1. Using 5 Å bins from zero, what percent of all Cα-Cα pairs in the range 40-80 falls into each bin?
2. I want the local charge near R51. Using Cβ-Cβ distances under 11 Å, sum +1 for each Lys or Arg and -1 for each Asp or Glu among the other residues.
3. Under 8 Å for C-alpha pairs, at least 6 residues apart: give me the relative contact order for the range 1-105, rounded to a whole percent.
4. I'm a student and want to see the number: the projected area of the Cα convex hull of the range 1-105, averaged over all directions, in nm².
Amino acid sequence: MAALSADEETSVFRALADPTRRQILEDLRAGELSAGEIANRFPISGPSISRHLGVLRGAGLVRERRVGNRIFYALVEERLALCIGRFVSAVCPEQLVFRRRQRRPDQHPGRPVDQRTDPKEGTA
């Protein structure tokens, strides 16, 4: 995926500014959902959810697929990761380098390395 323009990045961050839209993205992480399934998860009106989905679609964070009269939405992970990753790299590159050094290749990315022992030597 190509780098985003300044306007495209702005639309992504505007979309992420709203807690309802962030929750929709989290819900879509588990897989595709219909507009009705998304709306049922929130205590706001269907038209309000449609507007939120329109903002997310406009920012390129979700894609839609129509089947008959139903619309299904899916997360566009690459676009979100590209935008957030570029921003974090620009703002605090030291953190990315620091975190990479803390992680071993055989370790899950979400778990910190136990720095008390060296896996090759058995002790620090």
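Every read-out reported here was derived from the displayed coordinates using simple, explicitly stated rules and does not represent laboratory data. Quick caveat: nothing in here was measured; it's all calculated off a predicted structure. Here the Cβ positions follow ideal geometry from the backbone for every residue, glycine too, while neighbour counts run over all protein chains shown.
1. For the range 40-80, the pair-distance distribution reads 6, 22, 26, 27, 16, 4.
2. Numbers: positive: R21, R57; negative: D18.
Its environment carries a net charge of +1.
3. Details: 83 pairs, mean separation 29.7, N = 105.
So the answer I get is 28 percent.
4. Details: hull surface 33.4 nm².
Over every viewing direction, the Cα hull of the range 1-105 projects on average to 8.4 nm².
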